[in-house]
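The values are calculated or read from the model by the stated rules, or taken from the named source; none is laboratory data. Source: prediction; values computed, not measured. Every residue, glycine among them, receives a Cβ derived from its backbone with ideal geometry; neighbour counts consider all protein chains shown. Note: accessible area is taken over every heavy atom of the protein model, side chains too, but ligands, DNA and RNA are not part of it. Shrake-Rupley method; radii C 1.70, N 1.55, O 1.52, S 1.80 Å.
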Amino acid sequence: MCGIFAYTGKKGKDAGGVLLDGLLSLEYRGYDSAGIYTPESGSVRTPGAVAELRKKIPKGFKGKSGIAHLRWATHGEPTEKNAHPHSDCEGEVWVVHNGIIENFKELKEKLIKKGHTFTSDSDTEVLAHLVEEHLKKEKSFEKAALAALNEVNGTYGIALQYKKEPDRIIAARMGSPIVLGLGDGEHFIASDPSPILPHTKKVVFLEDGEVAVISPDGHRIFKLDSTKVKRDATNIDWSAEATQKGGHEHFMLKEIMEGPEVIENTLRGRLIIEKGLAKLGGLESVAKQLEKIERVIVVACGTAYYAGLVGEYMLEEYAGIPVEVELGSEFRYRKSVINEKTVVLGISQSGETADTLEALREGKRRGALTLGIVNTVGSTIARETDAGVYNHAGPEISVASTKAFLSQLTALALFTMFFGRQRGMSEATGREIAKALKELPEKLQQILDTKESIQKLAKKYSKARDFLYIGRKYNYPIAYEGAIKLKEISYVHAEGCGAGEMKHGPIAMIDENFPTMAIAPKDSMYEKMVSNIHEIKARKGPVIAIATKGDKEIAKLADDVLYVPETLEMLSPILNVVPLQLFAYYFAKEKGLNVDRPRNLAKSVTVE
Ligand code: F6R
């Protein structure tokens, strides 16, 4: 959702080229228009893709510095005039912005009265005019920018540039992420590290209420009240190659295929198998407090929410701790009973999802200990939670979350061992889970090796307009996850359902044109799932079963079967979801759709 990239350097590089390449690596965030500005050549903006922008850029477009943006429309349609960068009346102050300026209407009216002329419907433009207004008194760009930022309410990640001081770019953050890249003789500003990584691995994350100034030779950070901030740089070890497709046609397939490695990375150094223990360094600082915890509330959105639902089953069964899972967007409107013995656990790939972040902040305000399972190092959720665990899944570029989901489930299994062993889980049980976790990458590889047959199946069902996904217990959330994956990238109706709920409504939809994905591994729910499959077959509904390798019975009942190796029941979602991810991928690909960037969706949802 909206992406910012800014560059200033003295290495003789063409800033335009650097910025356009940077925008390409931000494309995964989802956007509907793009734009670029350099003080030497001015601005070019366009609705549509970065490729369109590139075409529009005239020969001879040059610059040693500049700002660029991908916009996802909030105020005003995705048109050229509303695309960023926006400028003041004189075309001297330029701004790119992620977020929403809540008091833009009042500010705009005030500025119009003072003679400013606006050319867009965007809330962002007000910022450029506000800086222009302050420049009349302040003379210094930095001071004028600071004065303007102190007048706006709302959320922002911003990069500002002034034509008369082309080397310097000002960044600011309030609720929308900003990271600085520190190169040698060149500096960067971006909304996430991906466009910076090809140039430097040394980054500094801004906190809310902070402003930074970059020039080719350095950077400074200060607060909105001008007090200086000293912050060490972080080294990000994601290679630039890791953000590329690695030979696959789409990022989504690449990311699904990375599953075994991702699970290994999430587990690395965190299991003491012989003692049946999970060693989670990120929880050490609060380990004593966790012993006294009486309740866990998981807050998350979308796919991360479904991971939380699986975690609920794991933690309740193995750690004996009451768990509730709440949508981030609902949590703070509830009056849930929270005290210092409550953990609010946020799960988020991006670490920037506004609803999850606000739910965590609400939990903290009400006295809970906040924890995170987060993939993006240095993200807001990672920084604001009291403690937590990184997924170590690497960058996830495709909008549909796949490998991050596997790592979230793996991390939840580790949490379960950690909480469980604090609460009387036996060493033998701990050992059993640890061993089963260790075996997962190899088992997952076996599923990935069958991807051609899943592709054939997706082709066979590619004309279907509706799907039902059913599962029970640990695999009930996987039914929802399978359905969201299919609908978000193929725009086909898919409905998740606890198999026991089918008879309370959804079964009415079943007929010969309405296939069902039935997640029916040989576990404690097997017999009940078989009954549900019978019910569907009795109504002529086609059934694709996700079943345990060697289960010949189910093949007699279902129309098609995708086999998955056996594992512990609590870990089975980690395997069962993968054929569903691959099915969704091949189904959307068969339809010729833009798998990695589905319409209307953004990778990182930083607005509520
Ligand atoms: C679905 C998907 C979304 C995200 C949700 C939360 O494939 O990607 O449902 O899971 O927007 O995002 P994070 O995990 O970044 O908080």
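Placing +1 at every Lys and Arg Cβ and -1 at every Asp and Glu Cβ, with all other atoms neutral, what dipole size does region 548-608 have around its Cα centre, in debye to the nearest 20?
Once rounded to the nearest 20, the dipole reads 340 debye.
What's the Kirkwood radius of the chain in Å, using all Cα pairs?
This gives a value of 25.4 Å.
With a ≥ b ≥ c taken as the square roots of the eigenvalues of the C-alpha gyration tensor of region 339-381, please select rounded if a/c is under 1.5 and otherwise prolate if a/b is larger than b/c or oblate if it is not?
prolate
I need the phi-derived Karplus couplings for region 557-564: 6.51 cos²θ - 1.76 cosθ + 1.60, θ = phi - 60°, integer Hz, Gly and Pro marked x.
9, 7, 6, 9, 10, 10, 8, 9
Just by accessible area at a 1.4 angstrom probe, what is the order of HIS97, HIS199 from largest to smallest?
So the residues, ranked largest to smallest area, are HIS199, HIS97.
Quick one: with all protein chains in place, what share of the accessible area of the chain is carbon or sulfur, to the nearest percent (1.4 Å probe)?
49
Ranking request for peptides 292-298, 343-349, 371-377, 589-595: highest mean number of other beta-carbon atoms within 10 Å first, then the rest in descending order.
Those peptides, ordered most packed to least, come out 343-349, 371-377, 292-298, 589-595.
First check a/c for region 308-388, with a ≥ b ≥ c the square roots of the eigenvalues of its C-alpha gyration tensor; if it is under 1.5, answer rounded, and if not, answer prolate when a/b is larger than b/c or oblate otherwise.
oblate
Order these peptides, 134-141, 391-398, by their mean beta-carbon neighbour count within 10 angstrom, highest first.
Top of the packing list down: 391-398, 134-141.
Tilt of helix 526-538 relative to the longest C-alpha principal axis of the chain, in degrees (0 to 90, nearest 10)?
Helix 526-538 sits at roughly 90 degrees to that axis.
For the chain, what does the accessible surface come to per residue with a 1.4 Å probe? Please give it in Å².
Accessible area per residue, the chain: 38 Å².
For q = 0.15, 0.16, 0.17, 0.18 Å⁻¹, what log10 I(q)/I(0) does region 450-608 give under the Debye formula with an equal point scatterer on each alpha carbon and no solvent?
Log-scaled intensity ratios, in q order: -0.74, -0.85, -0.95, -1.06.
Please say if region 251-316 is rounded, prolate or oblate, where rounded means a/c under 1.5 for a ≥ b ≥ c the square roots of the C-alpha gyration tensor eigenvalues, and otherwise the choice is prolate for a/b larger than b/c and oblate otherwise?
In terms of gyration-tensor shape, oblate.
What translational D, rounded to a whole number of µm²/s, comes out for region 245-444 from Stokes-Einstein when the hydrodynamic radius is the Kirkwood one over Cα pairs, at 25 °C and 0.890 mPa s?
After rounding, the answer is 147 µm²/s.
Can you give the charge dipole size of region 245-444 about its Cα centre, rounded to the nearest 20 debye, using +1 on the beta carbon of Lys and Arg and -1 on the beta carbon of Asp and Glu?
In debye, rounded to 20, region 245-444 gives about 520.
Determine ³J(HN,Hα), in whole Hz, for all residues of region 357-363 in sequence, where each value follows from phi through the Karplus function 6.51 cos²θ - 1.76 cosθ + 1.60 and θ = phi - 60°; x replaces Gly and Pro.
So the Karplus estimates, Gly and Pro as x, are 4, 5, 5, 5, 4, 5, x Hz.
Using the structure shown, list the pairs from LYS13/LYS110; LYS279/LYS487; LYS201/LYS254 with a Cα-Cα distance above 29 Å, or answer none.
Beyond 29 Å: LYS13/LYS110; LYS279/LYS487.
What is the spin-label model distance, in nm, from ALA538 to LYS110 if the labels are put 7 Å beyond Cα along the C-beta direction?
7.0
What 222 nm value per residue comes from the helices of the chain, counting each DSSP H run with n ≥ 4 as -39,500 (n - 2.57) and dividing by all residues, nearest 500 deg cm²/dmol?
Calculated from helices alone, the mean residue ellipticity at 222 nm is -10500 deg cm²/dmol.
Rank-order 104-115, 173-184, 45-56 by packing density, defined as the average count of other C-beta atoms within 10 Å over each peptide's residues, highest first.
Output ranking for 104-115, 173-184, 45-56: 173-184, 45-56, 104-115.
How far, in degrees from 0 to 90, does helix 302-314 lean away from the longest principal axis of the Cα atoms of the chain, to the nearest 10?
40
Residue-wise, which Karplus ³J(HN,Hα) couplings in Hz belong to region 576-592, taking 6.51 cos²θ - 1.76 cosθ + 1.60, θ = phi - 60°, and x for glycine or proline?
Per residue, the Karplus-derived 3J(HN,Hα) values read 5, 6, 5, x, 6, 5, 5, 4, 4, 4, 5, 4, 5, 5, 4, 7, x Hz.
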